[in-house]
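The values are calculated or read from the model by the stated rules, or taken from the named source; none is laboratory data. Please read all numbers here as calculations on a predicted model, not as lab measurements. Counting neighbours? That spans all protein chains shown, and the Cβs are built from the backbone with ideal geometry, glycine included. Note: accessible area is taken over every heavy atom of the protein model, side chains too, but ligands, DNA and RNA are not part of it. Shrake-Rupley method; radii C 1.70, N 1.55, O 1.52, S 1.80 Å.
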Amino acid sequence: MNELTQLRDKLRRFVAERDWEQFHSPKNLAMALGGEAGELLEVFQWLTEADSKALKLAQRDAAAMEIADVFLYLMMLADALDLDLLEVAKRKIELNEGRYPAHKVRGSAKKHTEY
């Protein structure tokens with residue numbers, strides 16, 4: 001059993017012990033994920049590019065906690081949809097390798113439909 005599976009199982013136990021499964025429909029989990037992503041954005045709101053790369057300790061800790069929330073809700077959503085998070089991530093990287101060949105897009109932020 002890999003660490004991601006162990007973490008998923010620990011999260012399942014945490015939720016079950018609190019009887020929260022009833023609230024964890026894919027829709028609700030997706031909405032909660034969006035909310036947590038918004039809280040992560042708040043950490044960086046109004047910072048300059050340079051400031052965002054050199055967070056103060058309190059800002060870094062706040063970002064870490066929000067990243068954890070995003071990750072955990074994403075894990076629960078993937079679980080609710082019976083998706084293997086690692087497999088879909090690998091598949092997406094492979095898809096993007098085809099959409100964004102390095103020799104065509106190196107140094108560019110354009111979307112694959114723009115080049």
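Looking at this structure, is residue 34 assigned to a helix (DSSP H, G or I) and closer than 26 Å to residue 5 by Cα? So residue 34 fits the description; yes. Apart from one condition, residue 96 fits all of (1) more than 27 Å from residue 9 (Cβ to Cβ); (2) open to solvent by 60 Å² or more (accessible area, probe 1.4 Å); the exception is (2). Of note, residue 83 does not satisfy the criterion of being assigned to a helix (DSSP H, G or I) and either at pLDDT 95 or above or open to solvent by 100 Å² or more (accessible area, probe 1.4 Å) (or both). For the stretch 1-29, a residue qualifies if it is open to solvent by less than 50 Å² (accessible area, probe 1.4 Å) and within 18 Å of residue 88 (Cβ to Cβ), and the qualifying residues are 4, 5, 11, 29.
Taking the criterion of being open to solvent by 50 Å² or more (accessible area, probe 1.4 Å), basic (Lys, Arg), modelled with pLDDT under 95 and in a helix (DSSP H, G or I), would at least one residue in the stretch 60-69 satisfy it? No, that holds for no residue.
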